[in-house]
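J.: So that we are looking at the same thing, I have put the structure below in structure tokens.
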Amino acid sequence: MPRPQSHVLLVVADATLRRNLLKGLNAAAKSLPNPCGLSFSGVESADEALQIARDDGDLQSVLVDGLLDAESLVQSLYALRPELDLYVLVDSARDEETVGALTREAIDGFFIRDEADPRGWFRILQAEIQEKSRTPFFDALREYVLMAKDAWHTPGHSSGDSLRGSPWASAFHEFVGENLLRADLSVSVDMLDSLLDPKGVIAQAQEMAARAFGAQRTFFATNGTSTANKVIFQTLLAPGDKLLLDRNCHKSVHHGVVLSGARPVYLDSSVNTTYGLFGPVPKKTLFAAIEAHPDAKALILTSCTYDGLRYDLPPIIAAAHARGIKVIIDEAWYAHARFHPAFRPTALEAGADYATQSTHKVLSALSQASMIHVNDPDFDAHLFRENFNMHASTSPQYGIIASLDVGRQQAVMEGYKLLARTLELAAELREAIAATGVFRALTLAELLPAEVQGDGIALDPTKITVDISRSGFTVDEFQQVLFERFNIQVEKSTFNTVTLLLTIGTTRSKLSRLHDALLRLAREARAPRRLVKAPAIARFTALRFLPRDAFYCEGELIPLIDEDEHANAALEGRVCADQIVPYPPGIPALVPGQVITRETVQFLLSLMRSHKRTDLHGVVHDGYTPCIRVMTLAEEGANRAL
């Protein structure tokens, strides 16, 4: 097992003092227990210190001489790497009062110059690193699994005993492993706390996650960001409350609208028709909606998008807050952003009240592991807990909770180093793709729809969209050959692109294998073919009823096609009762309560006829006839129109 390394930097202008401190601290590191692998180095200037903080991914702590411009340096270090432990060396306790208020928030402690005690200082520095790297829930889970003998509680496999030795099911036991099954436990284990009412190790783990991600409060979710979004909606919104939302949001957001009974104001996102990609809502559209709906309770946006596009959030959030509108940012694809300056500001740093993150998507957590981060000054903890418990399972998977604990630990201790490597690999991969002469990694300018070119949108470089249109493959063929010949699976696709997702788990070996596969496919020199382009998504029409009212109607089914196989005119002007979602990309073409037009029906039929990879969630087949559930005319008359 590799041993950790923890580098500590002393920024001290006095060469003699710096040399004496380093001698004593490194001697202590050699003579005292040193499980975190502390070692010490020193520089004399702020510029040198900042350069080391940029270059050294194993740097954990910095001790700054108060005789320097300590306030400025501490602020710069905190802005660059907020996870670092920062200390200031002062002449006396009175000198602490001279440290500015902003700097004081970033400082973890002070050392008195005249009381230099290298061995004592070493113990303090190590204790802080050990505290930061602690995993309270995972440690308790591992301790329990090692000490427990017999289980007289759920789950039924009883620590794997029902599977072990079974002639039918032992293969599953061998595949998933002994510890996973023994760690699959009942909520009756008191020492492992309760996700529904945490007071012990889960509460501690969540508090540590809040500090790591820059939140006032953090909550672990074991059933994904889909549920996290719904919990926030039900906390902030009462039936009839107005909500501003990007129609490009994940379908869970639209489900949350139904559950909360909110009145949505749908904002059309920008669309890149060249590549079939959906971008952010134009900034001018957002500002106009905020001005037009000052009575809105909340605004929710997705940043970054599936393809890596992220909003210029600070001015948008400031405009919403000026009208008293709470801001929720779905950061499902952006949980890593806090841990490298190339990705910041995060939603919370930009001022968001809530951020939901799929920790499992880009950090080291198991599938379904997500976090809810809260910075809302008006946060109602009791109401939130009631809504959280409404959605959370009373039998949560402890392995998922443990992975959130460990995922936070790794992000804090080595996230900067791992993300620096990931960024380096992403740049190398872009060059490698260009070198094939056939495939192209799209740039930010190519990804951005025209209407948002001047909106300050940035690109997460760890998400690479590859144009395959010159390869001679259809997207289906390309994905199939990548998997069947080279055992490579990609994230998603449009009609002429595939998306590659790089994470902290990406290695140079994986990059080399992908590059080799692309080179081989490029050398096959197939003639380019005309690719079947997906039809542009129909723009939002109008909302006639609250989505919740429409969804809970009994409704009736009306076919999408008439007897002549044309768009059914009987659907025009009717109100949809379900969410109709072309997948991919998962953006609703219709939501409950929305008026159906001929153009919308034609769009759905075009998808069904011309793009075989698109599923239409919400469409009901009556035999071979595709139908949509709509409100009956009587139900329309009985419900209150908007």
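J.: Can you tell me the orientation of helix 508-523 relative to the chain, as the angle in degrees between its alpha-carbon axis and the longest Cα principal axis, to the nearest 10?
T.: 40 degrees
J.: Between their Cα atoms, which of 361/463; 132/326; 199/326 are more than 20 Å away from each other? Could the numbers behind the result be given before it?
T.: On the way: 361/463 12 Å; 132/326 31 Å; 199/326 28 Å.
Exceeds cut-off: 132/326; 199/326.
J.: According to the square roots a ≥ b ≥ c of the eigenvalues of the Cα gyration tensor, what is the shape class of the stretch 539-642, taking rounded for a/c under 1.5, prolate for a/b larger than b/c otherwise, and oblate for the remainder?
T.: Cα axes put the stretch 539-642 in the prolate bin.
J.: Excluding same-chain residues fewer than 8 positions from residue 23, which aspartates and glutamates have a Cα within less than 15 Å of its Cα?
T.: Cross-link targets: 14, 117.
J.: Now for a different question. Grab the beta carbon distance between residue 190 and residue 450, set R0 = 41 Å, and tell me the FRET efficiency rounded to 0.05.
T.: 0.10
J.: Ok, one more. Could you tell me the distance between the Cα centroids of the stretch 318-373 and the stretch 237-292, to the nearest Å?
T.: 17 Å
J.: Okay, next question. Hey, rough spin-label estimate for residue 524 and residue 287, points 7 angstrom out along Cα→Cβ, what's it come to in nanometres?
T.: 4.9 nm
J.: Another question, if that's okay. Any idea which of 141, 319, 410 is furthest toward the positive side of the dipole for the chain, if Lys and Arg beta-carbons carry +1 and Asp and Glu beta-carbons -1?
T.: 410
J.: Here's something else I'd like to know. From the helices alone, meaning DSSP H stretches of at least four residues, give me the mean residue ellipticity at 222 nm for the chain, per-run term -39500 (n - 2.57), in deg cm²/dmol to the nearest 500.
T.: Calculated from helices alone, the mean residue ellipticity at 222 nm is -12000 deg cm²/dmol.
J.: Something else about it: Once you have a ≥ b ≥ c as the square roots of the Cα gyration tensor eigenvalues for the stretch 1-87, tell me rounded if a/c is under 1.5, and otherwise prolate or oblate according to whether a/b is larger than b/c.
T.: oblate
J.: Let me check something: with ligands and nucleic acids excluded, how do 78, 624, 306, 334 order by accessible area (1.4 Å probe), largest to smallest?
T.: Reading off the accessible areas and sorting them downward yields 624, 78, 306, 334.
J.: For helix 136-147, what angle does its Cα long axis make with the longest principal axis of the chain, in degrees from 0 to 90 and rounded to 10?
T.: 90 degrees
J.: Roughly what angle does helix 70-80 make with the longest principal axis of the chain, taking Cα atoms, 0 to 90 degrees, to the nearest 10?
T.: Once rounded, the angle reads 40 degrees.
J.: Roughly how far apart, in whole Å, are the Cα centres of the stretch 472-496 and the stretch 565-632?
T.: 28 Å
J.: A further question follows. Accessible area per residue of the stretch 444-550 at 1.4 Å probe, in Å²?
T.: With the other protein chains kept in place, the stretch 444-550 gives 47 Å² per residue.
J.: Another question about this same structure. Given points 7 Å out from each Cα along the Cα-Cβ axis, report the residue 148 to residue 562 separation in nanometres with one decimal.
T.: 6.4 nm
J.: Give me the percent of accessible area attributable to carbon and sulfur for the chain, probe 1.4 angstrom. Mind showing how you got there, number by number?
T.: Working: 14490 of 27810 Å².
Exposed carbon and sulfur together represent 52 percent of the surface.
J.: While we're on this one: Give the label of the value calculated from the structure for semi-axes √(5λ) of the Cα gyration tensor in Å, choosing from [x] 46, 30, 24; [y] 47, 29, 28; [z] 64, 31, 23.
T.: [y]
J.: Moving to a separate point now. Can you bin the stretch 114-265 into rounded, prolate or oblate? Criterion: square roots of the alpha carbon gyration tensor eigenvalues sorted a ≥ b ≥ c, rounded for a/c under 1.5, prolate for a/b above b/c, oblate for the rest.
T.: oblate
J.: Mind checking the per residue accessible area of the stretch 341-384 for me, 1.4 Å probe, whole number of Å²?
T.: Per residue, the stretch 341-384 has 33 Å² of solvent-accessible surface.
J.: Given a 1.4 Å probe and the protein chains all in place, what does the accessible area of residue 371 round to, in Å² to the nearest 10?
T.: Counting only protein heavy atoms, the figure is 0 Å².
The values are calculated or read from the model by the stated rules, or taken from the named source; none is laboratory data. None of the values given here were measured: they were computed from a predicted structure. Positions of Cβ are backbone-derived with ideal geometry, glycine not excepted, and every protein chain shown enters the neighbour counts. Remember, those area values only see protein heavy atoms, side chains included, never the ligands or the DNA or RNA. Shrake-Rupley method; radii C 1.70, N 1.55, O 1.52, S 1.80 Å.
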